[in-house]
Amino acid sequence: MRDIRRPDNLEAVVERLTSPRYTETGIPVFQTIMDLLIFAAGVGVQQKRRTEVPSTGRGIPVRIFEGNQKDGYLYLVALATKQDPSALETVSDDETAKIFEEYAAGGLEQIAEWLSKDGGDFSGVGTLLAQMQSFIPPEPQTTEYPNPI
């Protein structure tokens with residue numbers, strides 16, 4: 001499988017979320033760019049947002065995903081998109097890489113928009129947590145078993 005690319009125009013977002021200098025604790029929001037791309041691909045899938053990545057985009061060798069046992073996320077996104085088990089065949093690896101990186105790019109764009117709306121959140125942690133919490137549906141309230149407290 002080929003490298004997993006990311007758009008050059010979003011490097012500032014990648015730097016902000018993977019560098020320790022943007023957090024009070026000195027620990028980056030995402031330990032690696034690979035972890036950020038996996039998260040961003042999830043955001044892209046959730047938002048149904050795919051963005052083509054130019055061939056000039058910086059790449060992460062797929063062996064990094066494999067060595068960290070995270071290459072399954074590449075196939076998961078492709079399988080969810082194609083809804084066809086052929087997405088898991090090695091003959092489809094280039095298409096799998098393309099699907100994953102397009103969702104990751106779309107997710108990075110979405111994350112960049114969220115971060116730009118909350119200028120006071122230097123690290124981005126609060127913004128990302130708030131956005132993730134907004135996707136969790138509220139628990140249904142029942143009167144069948146009232147809370148005894």
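The values are calculated or read from the model by the stated rules, or taken from the named source; none is laboratory data. Because the structure is predicted, anything quoted here is derived from the model rather than measured. Counting neighbours? That spans all protein chains shown, and the Cβs are built from the backbone with ideal geometry, glycine included.
When each of ALA80, ALA97 is tested for being of a type in the set (A, V, I, L, M, F, W, C) and more than 22 Å from VAL14 (Cβ to Cβ), the lone residue that passes is ALA80. For segment 59-112, the set of residues classified as closer than 18 Å to GLY44 by Cα, at pLDDT 90 or above and of a type in the set (Lys, Arg) consists of LYS70, LYS98, listed by residue number. Do we find a residue being touching a residue at least 12 places away in the same chain (Cβ under 8 Å), more than 21 Å from ALA130 (Cβ to Cβ) and touching a strand residue (DSSP E or B) at 6+ places or on another chain (Cβ under 7 Å) anywhere in segment 9-31? Scanning segment 9-31 turns up no residue that is touching a residue at least 12 places away in the same chain (Cβ under 8 Å), more than 21 Å from ALA130 (Cβ to Cβ) and touching a strand residue (DSSP E or B) at 6+ places or on another chain (Cβ under 7 Å). Going through segment 72-86 one residue at a time, which ones are surrounded by 14 or more Cβ atoms within 10 Å (Cβ to Cβ) and touching a residue at least 24 places away in the same chain (Cβ under 8 Å)? Selection gives TYR73, LEU74, VAL77, THR81. Could you tell me which residue of segment 95-144 is farthest from ARG21 (Cα to Cα), considering only residues that are among the β-branched types (Val, Ile, Thr) and not in a helix (DSSP H, G or I)? Taking the candidates together, the pick is THR143. Taking the stated definitions as given, is ASP118 in contact with a Gly (Cβ under 8 Å, 6 or more places away or on another chain), modelled with pLDDT under 90, surrounded by fewer than 15 Cβ atoms within 10 Å (Cβ to Cβ) and not aliphatic (A, V, I, L, M)? When the stated conditions are applied, ASP118 passes them. Counting only residues that are farther than 27 Å from GLU113 by Cα, touching a helix residue (DSSP H, G or I) at 6+ places or on another chain (Cβ under 8 Å) and assigned to a loop (DSSP other than H, G, I, E, B), segment 44-70 holds 1 of them. Scanning segment 1-32 for residues that are outside any loop (DSSP other than H, G, I, E, B), out of contact with any Ser or Thr (no Cβ under 9 Å at 6 or more places or on another chain) and loosely packed, with under 15 Cβ neighbours inside 10 Å yields a total of 6. Tell me which residues, restricted to segment 50-71, are among the basic types (Lys, Arg) and surrounded by 17 or more Cβ atoms within 10 Å (Cβ to Cβ). If the condition is that a residue be among the basic types (Lys, Arg) and surrounded by 17 or more Cβ atoms within 10 Å (Cβ to Cβ), then ARG50 is the only one that fits. Screening segment 63-87 for residues that are over 14 Å from the mean Cα position of the chain (by Cα) and among the basic types (Lys, Arg) and picking the one that is nearest to ARG2 (Cα to Cα) gives ARG63. Would you check which residues across segment 88-111 are of a type outside the set (Val, Ile, Thr) and under 12 Å from the mean Cα position of the chain (by Cα) and list them? Across segment 88-111, the qualifying residues are PHE100, GLU101, GLU102, TYR103, ALA104, ALA105, GLY106, GLY107, LEU108, GLU109, GLN110.
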